[in-house]
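Trainee: Encoded as structure tokens, here's the structure I'll be asking about.
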Amino acid sequence: MLAIPRLSARDDTPFFPPSPVSRLPSPALDIAESYVRLVLAVGRHDGDYVDAYYGPPEWKSETDSVSLTLPEIERRAQELVAEVRDSPTLDPRRKAYLLGQLRALLARVQMLGGTRFSFDQEAGALYDATPPANTEQHFQDIVSRLDGALPGRGPVPERYITYRNQFVIPPARIDAVFQAAIAAGRERTARHIALPPNESFVVEYVTDKPWSGYNWYQGRYRSVIQVNTSLPIYIDRAVDLACHEGYPGHHVYNALVERTLVRERGWLEFTVYPLFSPQSLIAEGTANYGIELALPGSERNAFERDVLFPLADLSPASVDEYYALQTLVRELSYAGNEAARRYLDGEIDAAAAALWLERYALMAPTVARQRIRFFDTYRSYVINYNLGQDLVRAYVEREAGPDADRRWDVFAELLASPTLPSALSDSVA
Ligand SMILES: [Zn+2]
């Protein structure tokens, strides 16, 4: 799915490989290489699996030419698990992380071979996390609170959609609004995190995707960020997408992983990013928490009022009301997980899941249908956004306390360390 990028001469020096003759024997390097090759091999069976790869090109070309069967991948992965577990020299956090990633790889291989897990089993196996369960009543209560807060009369979902339609960014203004949001995210991130000097990304506008935005990390501190313009883009998505995909979200996460883990420590397993793995809960959780870290409440409202609303030709007078409502609506985010759980567990069909999303996630019918496509493709991945965000927030706030600078430090450490999701909640418990 991701083409190996063509690199220009002025990019950073390559970190790998040393020439085969000069390469010293290294069990840790062999483990990393075996892991990368296995992830790439799974990618031959699952086009969505390899989210990014910027390691040695020959590892990819050789993997592509062999094309291992799923049972063979499973056998090799189990051998590698034993090798990692028994390694006397591997850094303990690196070891735990590799074992977590390999457990997820084995589960994904089983799924590709036809094994069906329940939603909760799958989330545990792939993302090292336990999704919370919420009753329908829980969401009905939140919708009732919205009933009192929204202008007008009638059913809440329709009223919310009508209200929100006032806040669509006109298509001709989208790029200007996004560029301003990206600049704000970058400026605030750079105050706290020393970014690699040559980091950058390009933004592309695409259509007909199951997601609203995507960061394709290219290696050497470059990303391609794609924004899906098939559906209307509301003004709140500008800061959300700029921070989530860019600063201090996925682009920064990938750049810090590359600088700290790959280049400084030589942990080459981090040159590959398997999407259906615990790494994604950390990536999505930090990307979502990064929004509120970069632009907390009142600061965000001021920026929206002074910069983004005027750029989008929207009335700045409505900023506070709009974001107060958005805060309430965000409490419904777990309604999407419930729809996914019931749909993927076979309790309800696609039409009923779409109806649930319209009723409790307040999605327009077209958006709900796009979301079902997302469930079909990414399945229990949905938990990585809201559960990931909640776990990361709890971890950062617990470790750092109320001091904003300290929160940035803990956040940056988390981005650049091999941390499993269960370690976040262990530390919270
Ligand atoms: Zn994301």
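The values are calculated or read from the model by the stated rules, or taken from the named source; none is laboratory data. All values reported here derive from a predicted model rather than from experimental measurement. Cβ sites come from the backbone with ideal geometry, for glycine too, and all protein chains shown count toward neighbours. Just the protein is used for accessible areas: all its heavy atoms, side chains included, with ligands, DNA and RNA removed. Shrake-Rupley method; radii C 1.70, N 1.55, O 1.52, S 1.80 Å.
Trainee: Where residues in segment 181-216 are farther than 22 Å from L415 by Cα and either assigned to a loop (DSSP other than H, G, I, E, B) or not aliphatic (A, V, I, L, M) (or both), which of them is most open to solvent (accessible area, probe 1.4 Å)?
Mentor: D208
Trainee: Being over 17 Å from A416 (Cα atoms) and open to solvent by less than 40 Å² (accessible area, probe 1.4 Å) narrows it down to one residue among L281, L268, L275; which is it? First the steps, then the outcome.
Mentor: On the way: L281 fails: over 17 Å from A416 (Cα atoms); L268 fails: over 17 Å from A416 (Cα atoms).
Within the list L281, L268, L275, the selection yields L275.
Trainee: Among the listed residues L281, L355, L328, identify the single one that is at pLDDT 95 or above, more than 16 Å from the ligand (Cβ to nearest atom) and hydrophobic (A, V, I, L, M, F, W, C).
Mentor: Going through L281, L355, L328 in turn, just one is at pLDDT 95 or above, more than 16 Å from the ligand (Cβ to nearest atom) and hydrophobic (A, V, I, L, M, F, W, C): L355.
Trainee: Can I ask one more? Condition check: buried (at least 18 other Cβ atoms within 10 Å of the Cβ) and more than 26 Å from Q140 (Cα to Cα). Does P418 satisfy that?
Mentor: So P418 fits the description; yes.
The rows are residues; the columns are (1) part of a loop (DSSP other than H, G, I, E, B); (2) modelled with pLDDT of 95 or more; (3) among the hydroxyl-bearing types (S, T, Y); (4) closer than 24 Å to R220 by Cα.
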| site | (1), (2), (3), (4) |
| --- | --- |
| P5 | yes, no, no, yes |
| S19 | yes, no, yes, yes |
| V39 | no, yes, no, yes |
| G55 | yes, yes, no, yes |
| K60 | no, yes, no, yes |
| L98 | no, yes, no, yes |
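Trainee: Please find, within segment 190-217, the residue that is farthest from the chain's Cα centre (by Cα) out of those that are closer than 24 Å to L261 by Cβ and within 16 Å of the ligand (Cβ to nearest atom).
Mentor: F201
Trainee: Which fully enclosed helices (runs of 4 or more DSSP H) of segment 233-346 have 2 or more residues being among the acidic types (D, E)?
Mentor: 236-241, 278-294, 319-330
Trainee: Additional query: So which pairs qualify, if the first residue must be in segment 148-163 and free of Cβ contacts under 8 Å to residues at least 60 places away in the same chain and farther than 18 Å from S315 by Cα, the second must be of a type outside the set (D, E) and open to solvent by 40 Å² or more (accessible area, probe 1.4 Å), the Cβ gap must be under 6 Å, and the two must be at least 6 apart or on different chains?
Mentor: R159/G152
Trainee: Now, a different point. Keeping to segment 41-52, report how many residues are part of a helix (DSSP H, G or I), open to solvent by less than 10 Å² (accessible area, probe 1.4 Å) and in contact with a strand residue (DSSP E or B) (Cβ under 9 Å, 6 or more places away or on another chain).
Mentor: 1
Trainee: So which residues in segment 394-415 are open to solvent by less than 60 Å² (accessible area, probe 1.4 Å) and basic (K, R), if there are any at all?
Mentor: Residue satisfying the conditions is R407 alone.
Trainee: Also, quick follow-up: Would you say Y221 is within 25 Å of R164 (Cα to Cα), aromatic (F, W, Y), in contact (Cβ under 8 Å) with a residue 24 or more places away in the chain and more than 13 Å from the ligand (Cβ to nearest atom)?
Mentor: no
Trainee: Looking for whichever is over 16 Å from the mean Cα position of the chain (by Cα) and more than 15 Å from P131 (Cβ to Cβ) here; the options are A353, A416. Which one fits? Don't jump to the end; show me each part of the working.
Mentor: Values: A416 fails: over 16 Å from the mean Cα position of the chain (by Cα).
Just a single option satisfies the conditions, and that option is A353.
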